1. Assess whether S180 counts as being in a helix (DSSP H, G or I), surrounded by fewer than 17 Cβ atoms within 10 Å (Cβ to Cβ) and among the polar types (S, T, N, Q).
2. Considering only residues that are in contact with an Asp or Glu (Cβ under 6 Å, 6 or more places away or on another chain) and surrounded by fewer than 21 Cβ atoms within 10 Å (Cβ to Cβ), look in segment 519-542 and name the one that is farthest from S406 (Cα to Cα).
3. If we scan segment 454-464, do we find a residue that is within 23 Å of D401 (Cβ to Cβ), modelled with pLDDT of 90 or more and surrounded by 13 or more Cβ atoms within 10 Å (Cβ to Cβ)?
4. From Q185, Q202, which residue is exposed (fewer than 15 other Cβ atoms within 10 Å of the Cβ) and closer than 30 Å to T130 by Cβ?
5. For segment 218-246, what are the residues that are without any contact (Cβ under 8 Å) to a residue 60 or more places away in the chain and either acidic (D, E) or closer than 16 Å to F300 by Cβ (or both)?
6. Which condition breaks for E289 when tested against (1) in contact (Cβ under 8 Å) with a residue 24 or more places away in the chain; (2) surrounded by fewer than 14 Cβ atoms within 10 Å (Cβ to Cβ); (3) closer than 26 Å to P491 by Cα?
7. In segment 399-425, which residue that is small (G, A, S) and surrounded by fewer than 15 Cβ atoms within 10 Å (Cβ to Cβ) is nearest to the chain's Cα centre (by Cα)?
8. Out of I468, I489, I479, report the one residue that is buried (at least 16 other Cβ atoms within 10 Å of the Cβ), part of a loop (DSSP other than H, G, I, E, B), in the same structural domain as L410 (by TED's automatic domain parsing) and hydrophobic (A, V, I, L, M, F, W, C).
Amino acid sequence: MGLEKETQRKSELYEYLTTTHMLCIFILILDMILSKNVFKSIYPAINFRLFVLINLIGFGVVFLYNTKNQLDRQNPKLHTCIDMAYVTLPLFMAIINFYIFKTSLYYAKTILFLPVLIASSVKGKDTGLTMSTVCAAILVFYKVAGERRPFLQALESELVFISMLYVVGWFTGGLTDIESQHRKQLNANLQDLREEVARREQAEEQLRKLSSALEQSPSIVVIADTGGRIEYVNQKYTQVTGYLPEETIGGNLFAAQECQHPEIHALWSAVNSGREWRGELLSQKKNGEFYWEYALISPFRNSDGVITHLLKVAEDVTGRKQMEKEMARLEQLNLIGEMAAGIGHEIRNPMTTVRGFLQLLCGKKEFSKYREYFSLMIDELDRANSIITEYLSMAKNKPVDKKMQSLNQLLSAMAPLIEADAIKNNNYIKMELSDIPDLLLDEKEIRQLVLNLVRNGLEAMPPGQNLIIKTYMEDNEVILSVKDQGHGIEPGVLEKIGTPFFTTKDNGTGLGLAVCYSIAARHNASIKVETSPKGTTFYIKFKVPA
């Protein structure tokens, strides 16, 4: 770009020089016409020398015009030669004016200012002074050779004029040199500015790429100052938490975890001392829901090595932890079921024998006073047998009889039994059954699943409340939901839902929900729980057969 600017400047300069030369040629021709000493013959004489002179002048005009037009295609190294051609042409015309046309010396010598002005304007002070010397030599030579004067006398007579030539060459050339230096400095400054602009554009492009990468990152990215004040969050953070950037920026980096992570202060100390921290954090979304994130929190240092910011890169691992928890629960249920299957038969046989003898003794008159005790023992044996049955229900390899049938029809058939249970607790049942496709179901297991969920919901509600059973389609899945209007489940209890033998009831076995999870797993379904102070909803999600 600098070379293009210099070439453009040269082209503009040559435009002016060409015009100047044309004017010089016009003056030369005018001098030739008006001079009385051009030739011995009457003007206009057809003279060979005149013909040659006119052709030389025409050649010079064509040469200058062609040089100007071809400048952009010239090698920059030839510019000096072109400059010299432009500078010497006025000198050539001055010599012609002196020695051929023999114009009055008083007027003719003023034309010597022209080559001095052009030389100093184009090439600077040194060339201007050199041209002044050449013009002075021409003038003195003309005095000595043409007028036959002694050298010193010729020099003395034109000393003032020669001094003026030097002053013009020095002053004009000095201005040209100053302008040239300023132009070079300006070009250097412009080049520095262009380089700085290029560097900044490159830095801005890198910044745009980095910003785009952060915004499109599949991980949560948060940048905070050393005090934990959030300065930046990316789109993934908003997608996961629900908080908009303007709601988050200015807040504390650990505000959502402070009461959830027992080692939050140790974490804070670690990152502020320059060490990275990796681990899992339990955080809270805008809607109050908790989620697990695996986070890397590291200090960000400037060029001097000083910690200026904290960088948090996190990934939502709630789904993975739920899957791990579910797999652990199913493995536990399967283990219990397999153990029950292995020993259930051996335990049931003696229990059946004992129950039979108790019934026999209960019917004898001599043991009538112990009949109440015998009935209690029989009830406890039946309860033990039902527990063994529930154990067997948790076995992964339990045989099931699944066939395509309507879930809505199963629920409708169970409605009288469910409503009877609700009436006992002074509660009500509402069924909202939407159109859904048939599913591959084991009728007995689905009945057991629904009864367990319904009875848990009824026991959790005070009298006069509604238990709502719904079926509907969502995301190509059939959803069965059972919603109670109780007081919700505590977070500590919610984590243990479905764990065998965990119960909050005084007489519970802790196997009801565990059996529900096993039945769901055998039907390739999943269970999700949502709870609040207004009640709890169990969602059983069945995949639609292809």
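1. yes
2. For segment 519-542, the residue satisfying everything is T537.
3. Yes.
4. Sole residue among the options that is exposed (fewer than 15 other Cβ atoms within 10 Å of the Cβ) and closer than 30 Å to T130 by Cβ: Q185.
5. Listed by number, the residues that qualify are G227, R229, I230, Y232, V233, N234, E246.
6. Among (1) in contact (Cβ under 8 Å) with a residue 24 or more places away in the chain; (2) surrounded by fewer than 14 Cβ atoms within 10 Å (Cβ to Cβ); (3) closer than 26 Å to P491 by Cα, the lone unmet condition for E289 is (1).
7. S412
8. Result: I489 is the single residue among I468, I489, I479 that is buried (at least 16 other Cβ atoms within 10 Å of the Cβ), part of a loop (DSSP other than H, G, I, E, B), in the same structural domain as L410 (by TED's automatic domain parsing) and hydrophobic (A, V, I, L, M, F, W, C).
The values are calculated or read from the model by the stated rules, or taken from the named source; none is laboratory data. On a predicted model such as this, the values are computed, not experimentally measured, just so you know. A quick note on method: Cβ atoms are made from the backbone with ideal geometry, for glycine too, and the neighbour counts reach across all protein chains shown.
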